[in-house]
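The values are calculated or read from the model by the stated rules, or taken from the named source; none is laboratory data. This one's a predicted model, so the numbers in the text were calculated from it and none came from an experiment. Here the Cβ positions follow ideal geometry from the backbone for every residue, glycine too, while neighbour counts run over all protein chains shown. Protein only, heavy atoms only, side chains kept; ligands, DNA and RNA dropped before computing areas. Shrake-Rupley method; radii C 1.70, N 1.55, O 1.52, S 1.80 Å.
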Amino acid sequence: MDGTTRTSVRERLAVSAASAAVFIALYAWAVTTTAGQEFDGSTLALGADLREQWSEPTLARAADLAPWLIIIPTGLLLAVHAVRGRWRQALIAGALPVVVYVVATALHDAVLPRPYLGDFGYEINTLPSERLAVAVACCCVLVWLAPRFVPRGVLVPVLAVTAAAVGALEVAAFSSRFADVVACAPLVGILAAWWLPSGAPRSRAFVAFGASVAALSGAVGALLMVGWAGAGYHPGAMTPGLIGTGLCVAAGVSALSLALRRQV
């Protein structure tokens with residue numbers, strides 16, 4: 001398991017294409033259809049109770065700061081690699097969050113239109129969330145470069161849960177809709193699949209187990225969101241809806257992490 005395995009072009013293309021398909025499908029449904037806009041707009045109400053308890057400015061500040069829980073450790077790890085003379089590796093890995101931010105901002109502000117299909121929240125496009133997209137890209141960097149003494153079976157769940165919390169907090173703070181945060185992992189996957197061509201071999205058992213966990217998380221998250229859609233803004237469905245949002249984000253981060261190879 002100490003050798004290096006080169007990721008085939010076919011494998012990278014498969015990951016990138018699958019990520020693109022998920023991203024496009026999510027955007028097409030949530031932004032360009034009436035039913036999608038209505039559901040996605042309804043998720044802005046998921047944090048109503050929290051905004052009343054903690055105030056919207058407080059939650060907004062928390063949403064601004066939360067991604068740094070992932071960004072700061074990423075920066076420290078990149079600095080360690082640079083100090084150890086692995087400048088090329090650090091620069092390549094560190095460029096991913098920067099490129100993701102540029103692409104996400106371009107998609108958010110200029111490329112992806114949001115047609116007016118009814119009064120389902122504000123009309124400007126908010127997909128994808130740039131902050132969470134950067135945080136997810138940093139998750140990829142941490143998966144690539146974390147030292148071997150940090151078990152991948154511990155690292156990936158911690159990153160998935162943290163990203164899930166960041167995504168749910170953005171929705172609770174009225175900063176993003178459901179689709180805005182769920183779209184981040186597939187967006188990062190489109191780019192991350194091509195970023196580094198090789199790495200350590202992966203255990204088939206671990207990949208199978210991780211894929212099962214990611215699928216289960218996504219399925220439970222989707223069921224909770226279906227429950228929210230049928231709840232008619234009932235306060236009792238808000239917390240399950242935020243959990244469902246987080247689980248869908250976690251599923252995307254977990255699946256993306258399984259597609260990456262460890263570089264050291």
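So the values come out like this:
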| read-out | value |
| --- | --- |
| Checking Glu130 against (1) under 15 Å from Arg177 (Cα atoms); (2) out of contact with any Gly (no Cβ under 9 Å at 6 or more places or on another chain); (3) acidic (Asp, Glu); (4) open to solvent by 50 Å² or more (accessible area, probe 1.4 Å), the condition it does not meet | (4) |
| Sole exception among (1) at pLDDT 90 or above; (2) at negative phi; (3) not in a helix (DSSP H, G or I) for Val181, by number | (3) |
| The stretch 6-49 - residue that is hydroxyl-bearing (Ser, Thr, Tyr) and surrounded by fewer than 13 Cβ atoms within 10 Å (Cβ to Cβ) and, of those, modelled with the lowest pLDDT | Ser8 |
| Selection status of Leu78, open to solvent by less than 50 Å² (accessible area, probe 1.4 Å) and either over 17 Å from the mean Cα position of the chain (by Cα) or hydrophobic (A, V, I, L, M, F, W, C) (or both) | yes |
| Residues satisfying the stated conditions in the stretch 118-142, i.e. assigned to a helix (DSSP H, G or I) and of a type outside the set (Val, Ile, Thr) | Glu130, Arg131, Leu132, Ala133, Ala135, Ala137, Cys138, Cys139, Cys140, Leu142 |
| Close pairs (6 angstrom Cβ cut-off, 6 or more residues apart or separate chains): surrounded by 20 or more Cβ atoms within 10 Å (Cβ to Cβ) in the stretch 210-233, of a type in the set (Ser, Thr, Tyr) anywhere | Ala214/Ser254 |
| Which listed residue is of a type in the set (Gly, Ala, Ser) and surrounded by 19 or more Cβ atoms within 10 Å (Cβ to Cβ), from Gly118, Gly167, Gly153 | Gly167 |
| Any hit, the stretch 88-111, residues being surrounded by 14 or more Cβ atoms within 10 Å (Cβ to Cβ), part of a loop (DSSP other than H, G, I, E, B) and at pLDDT below 95 | no |
| Failed criterion for Leu191 (all others in (1) under 17 Å from Val134 (Cα atoms); (2) touching a Pro at 6+ places or on another chain (Cβ under 6 Å); (3) surrounded by fewer than 24 Cβ atoms within 10 Å (Cβ to Cβ) hold) | (2) |
| Pick from the stretch 189-201, criterion within 11 Å of Ser16 (Cβ to Cβ) and among the aliphatic types (A, V, I, L, M), ranking: modelled with the lowest pLDDT | Ala193 |
| Pair list, Cβ under 6 Å, 6 or more apart: the stretch 24-37 residue closer than 11 Å to Pro115 by Cβ and in a helix (DSSP H, G or I), other residue modelled with pLDDT under 95 and charged (D, E, K, R) | Val31/Arg114 |
